[in-house]
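Asker: Next up is a structure, given as structure tokens.
No lab work stands behind these numbers, since they all come straight from the coordinates. Nothing here was measured: the structure is a model prediction, and the numbers come from that model. Positions of Cβ are backbone-derived with ideal geometry, glycine not excepted, and every protein chain shown enters the neighbour counts.
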Amino acid sequence: MNSKETNCAPCLEGDKLLHEVLPPILLRWRHAPTALLQILREIQEALDWISPEAIAALELALGLPRSKIEGVAGFYRFLYTQPRGRYRVLFADNIIEQHQGSASLIERMCRNLWVEKGKTSEDGLLSIDTTSCIGMSDQGPALLVNNRVVPNLTESRVDQISELIRREIPLSAWPDSLFVVADNIRQRGILLDSELAPGDALRSVLARTEREGLEASNARSWREGLPSGLIGPTSLIEELHRAGLRGRGGAGFLTALKWSACRNAALGAGKERVVVCNADEGEPGTFKDRVLLSSKPDLVLEGMTLAAYALGARRGFVYLRGEYRYLLEPLQAVLAARRAAGLLGQSILGVHGLDFDIEIHLGAGAYVCGEESALIESLEGKRGTPRNRPPFPVTNGYLDQPTVVDNVETFACAALIALHGGDWFAAQGTEKSTGSKLLSVSGDVAQPGVYEFPFGVSIAEVLRACGARNTQAVQVGGPSGTCVSAAEFDRCIAFEDIPSAGAFMVFDQRRDLFEVARNFVHFFAHESCGFCTPCRVGTSLLRNLMDKLANGRGSPYDFGEIEKMNHILQQMSHCGLGHSACNPVLDTIARFRPAYEQRLLHAAFEPAFDLDYSLAPARQMTGRDDAGAHFVQADTAEISNE
């Protein structure tokens, strides 16, 4: 019996699951319920979907209720509890990819393979659909096939992929050239130019500890907290304070304050401190963390290890977004090399008690998991629902333990500060925004990619560096950030002016800024986790309003409704997704109002139900568009005369 026949027989699939697939997965994840997401992900990689038999087996193996397993499997976009084909193709649907021509490429693949977008082929071979930004805007259009990235799509590439799928060639036998992802580093600064060798920053900190007469091997003293003023973990936090390092994930919280709060948090019995690297950069148009993890992984991991030294932590996690699945094995190889060099594991660099190791957890397609408390929920094997705060993760984070969650770029900066000192770092940038910033530049530019600038760089300078021409607007910080018009290009990238997690999306005069905002609104509605009613309902209503305007049925009344929606979402949403959902609409209405006004049907609004417009789907289904299929309201004067 061939493998295709085996997969089609439920009893044999269940037998394969129980005896071949599931045991090694459970062993690898220590039968831990907290690893439920990772276990589900690996089951799907092996069997193409998460079958009822798999859920039943996990119910017994992990001692979890079936409802929880199904709830987790149903929350993440990249997990399937119904067959979606052995080839699951997802085209990136970010506005940048749309401008790069993704829509025509999707249609081409659907025609090639005789499958309808959003559905699974009748033979169960494949499905084709869209997903949000996959971090490839600098080399789009791009797609995921079974969570493997294929960038730089062209018609010929789509035809090549179609033929590989038609011939049922396994992904492992596809040409390597299809999967090549470039770093596209266009401009380097103190971070991307650094040549820090693995262990350099750690050795520097430990050497300073010894020079000041503190016995580095006294693990008990530094784990319980050192007296103020002594060189050691506290001195590292003081260097961060002098450096003025602020979180590079967008919020800009002072890193020294966060680490101090975690270090000083009370530990309950059997508890420990935890270090988490947030590598779930799901903000559309952002890809600089992808490049750091690819080109400077040791710098990031060294920063995490230094955080563990400062906090007295033994356990660390890298939460890697599911779209970056291709980076998993390379990062695991770097971790293995660091363990072999004595830079991870027990007694790091021979220091007794300095024990720390890192585990990589993959996300599964949930934008909300970029929020630190939702990320922690996901690390615990749950749905990625943001927590109520307080308490904050620094006191009650992973498994209710003090936890530091920082961005990839933040940890890389911390390693440089440990090596060169806080004053050196603070000499770059501005007084309130020290150091440099990595920008993910995409859109209508000659050279998309990652650019490093000192904080305080103007938008105009960035546009010149990347070869932008006739620029109409720049979306800084992704959909949740700020849309800047040409009149404001002298403004600066800095926490005191325009902060950014890293996205820098450029739109020239050809682009319709209304459609840009509409794409972002659809993104927010799609990515709402559904936990709170204001966000779940509000983002859907906002999407419907934008679609109404797109269909030419809008009025000035709708602008007022959008303002009301923003007030509700700002006041009542549970997390930042709802708080920022209206930003792109309000920004573009304020700066590009003609793009909205040309879509208005009525200059003055008269409340009414448009029955004729509502009958449009019925006309489409019946194939009728004659006069008799339209509702025409009688003239008011005629009615009054009767």
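Asker: So what is the relative contact order of the range 514-597, in percent, for Cα pairs below 8 Å that sit 6 or more residues apart?
Answerer: RCO, the range 514-597: 39 percent.
Asker: Moving on. Would you calculate the separation in nanometres between label points at Asp357 and Leu18, each defined as 7 Å from the Cα along the Cα-to-beta-carbon direction?
Answerer: Once both label points are built, they end up 3.2 nm from each other.
Asker: Go ahead and collect, in residue order, the members of the range 344-359 whose backbone nitrogen is under 16 Å from a label point 7 Å along the Cα-Cβ direction of Arg28.
Answerer: Output list for this probe position: 359.
Asker: Now a separate question. Leu90: net charge of surrounding residues, Cβ under 13 Å, Lys/Arg +1, Asp/Glu -1, itself excluded?
Answerer: Local net charge: +2.
Asker: Non-local amide H neighbours of Phe253 (under 5 Å, H modeled in plane, Pro and chain starts lacking H): which ones?
Answerer: Residues meeting the amide H criterion: Gly247.
Asker: With point charges of +1 on the Cβ of Lys and Arg and -1 on the Cβ of Asp and Glu, referenced to the Cα centre of the range 436-511, which listed residue (Asn470, Gly502, Ser480) lies farthest in the positive direction of the dipole?
Answerer: Value computed over the given set: Asn470.
Asker: Neighbour counts of other C-beta atoms within 10 Å: give me Glu515, Glu107 arranged from fewest to most.
Answerer: Glu107, Glu515
Asker: Taking a quarter of the surface of the convex hull around the Cα atoms of the chain, what do you get in nm²?
Answerer: 32.9 nm²
Asker: For the range 57-110 and the range 279-300, what is the centre-to-centre distance using only Cα atoms, to the nearest Å?
Answerer: 22 Å
Asker: Taking Cα atoms of the range 88-182, Rg/Rh with Kirkwood Rh, to two decimals?
Answerer: Radius of gyration over Kirkwood radius for the range 88-182 works out to 0.92.
Asker: Another question, if that's okay. Near Leu438, within a Cβ-to-Cβ distance under 9 Å, what is the net charge of the other residues, with Lys and Arg +1 and Asp and Glu -1?
Answerer: Spelling it out: positives minus negatives among the neighbours equals 0.
Asker: Just to confirm the number: angle between the C-alpha axis of helix 102-113 and the first principal axis of the chain, 0 to 90 degrees, nearest 10?
Answerer: Result, in degrees: 80.
Asker: Note down the net charge around Ala595, summing +1 for each Lys or Arg and -1 for each Asp or Glu among other residues with Cβ under 9 Å from its Cβ.
Answerer: -1
Asker: Radius of gyration and Dmax for the range 436-511's Cα atoms, expressed in Å?
Answerer: 10.8, 32
Asker: Which three extents, in whole angstrom, do the alpha-carbon atoms of the range 539-602 cover along their principal axes, largest first?
Answerer: Extents along the principal axes, in whole Å: 35, 21, 15.
Asker: Report, as a whole number in µm² per second, the diffusion coefficient that Stokes-Einstein gives for the range 294-381 at 10 °C and 1.306 mPa s using the Kirkwood radius over alpha carbon pairs.
Answerer: The estimated diffusion coefficient comes to 115 µm²/s.
Asker: Let me ask something else. Angle between the Cα long axis of helix 556-572 and the longest principal axis of the chain, 0 to 90 degrees, nearest 10?
Answerer: The angle comes out near 30 degrees.
Asker: Which residues' amide hydrogens lie under 5 Å from the amide hydrogen of Ile185, considering only partners 5 or more residues apart or on another chain, with H built in the peptide plane?
Answerer: Val450
Asker: Follow-up question, since we're still on this one. Based on the alpha-carbon gyration tensor of the range 509-561, what equivalent-ellipsoid semi-axes (square roots of 5 times the eigenvalues) come out, in whole Å, largest first?
Answerer: Over the Cα atoms of the range 509-561, the semi-axes work out to 21, 15, 7 Å.
Asker: For the range 477-503 and the range 454-470, compute the distance between their C-alpha centroids and round to whole Å.
Answerer: 12 Å
Asker: Would you kindly derive the ³J(HN,Hα) couplings of the range 356-373 from the backbone phi angles with the Karplus curve 6.51 cos²θ - 1.76 cosθ + 1.60 (θ = phi - 60°), listing them in order in whole Hz, with x for Gly and Pro?
Answerer: Calculated HN-Hα couplings, in order: 7, 9, 10, 10, 9, 10, 9, x, 9, x, 9, 4, 4, 6, x, 6, 4, 6 Hz.
Asker: Another question, then. Go ahead and collect, in residue order, the members of the range 155-173 whose backbone nitrogen is under 14 Å from a label point 7 Å along the Cα-Cβ direction of Trp114.
Answerer: It comes to 166-167, nothing else.
Asker: Something else: Of the peptides 147-158, 39-50, how do they stack up when ordered by the mean number of other Cβ atoms within 10 Å, highest first?
Answerer: 39-50, 147-158
Asker: Under 8 Å for C-alpha pairs, at least 6 residues apart: give me the relative contact order for the chain, rounded to a whole percent.
Answerer: The normalised contact order for the chain reaches 12 percent.
Asker: On to the next question. Arrange the following residues from fewest to most other Cβ atoms within 10 Å of their Cβ: Val484, Val205.
Answerer: Ranking Val484, Val205 by Cβ neighbours within 10 Å, fewest first, gives Val484, Val205.
Asker: In whole Hz, with x marking every Gly and Pro, tabulate ³J(HN,Hα) for the range 514-524 from phi via Karplus 6.51 cos²θ - 1.76 cosθ + 1.60, θ = phi - 60°.
Answerer: Coupling constants for the range 514-524: 4, 5, 4, 5, 5, 4, 5, 5, 4, 4, 4 Hz.
Asker: What residues have an amide H closer than 5 Å to that of Val149, excluding those fewer than 5 places away on the same chain, when H is modeled at 1.01 Å from N in the peptide plane?
Answerer: Under 5 Å from the amide H of Val149: Tyr326.
Asker: A further question follows. List the lysines whose alpha-carbon lies under 27 Å from that of Lys382, not counting same-chain residues fewer than 8 positions away?
Answerer: Within reach: Lys16, Lys68, Lys258, Lys271.
Asker: Between the range 163-200 and the range 412-449, how many Å separate their Cα centres?
Answerer: 23 Å
Asker: When the scattering of the range 1-158 is computed by the Debye formula from its Cα atoms alone, each counted once and equally, what is log10 I(q)/I(0) at q = 0.16, 0.18, 0.19 Å⁻¹?
Answerer: -0.93, -1.06, -1.12
Asker: Only Cα pairs under 8 Å and at least 6 apart count here; give the relative contact order of the range 436-511 as a rounded whole percent.
Answerer: In percent, rounded to a whole number, it is 38.
Asker: OK, next. Could you check what % of the DSSP bridge pairs in the chain are antiparallel, to the nearest 5?
Answerer: 45 percent
Asker: Another one. Tabulate in residue order the Karplus-calculated ³J(HN,Hα) for the range 52-60, using 6.51 cos²θ - 1.76 cosθ + 1.60 with θ = phi - 60°, rounded to whole Hz; enter x for Gly and Pro.
Answerer: Values per residue, Gly and Pro as x: x, 5, 5, 5, 5, 5, 5, 4, 6 Hz.
Asker: Kindly express, to the nearest 10 degrees and within the range 0 to 90, the angle between helix 328-340's C-alpha long axis and the longest C-alpha principal axis of the chain.
Answerer: Approximately 0 degrees, to the nearest 10.
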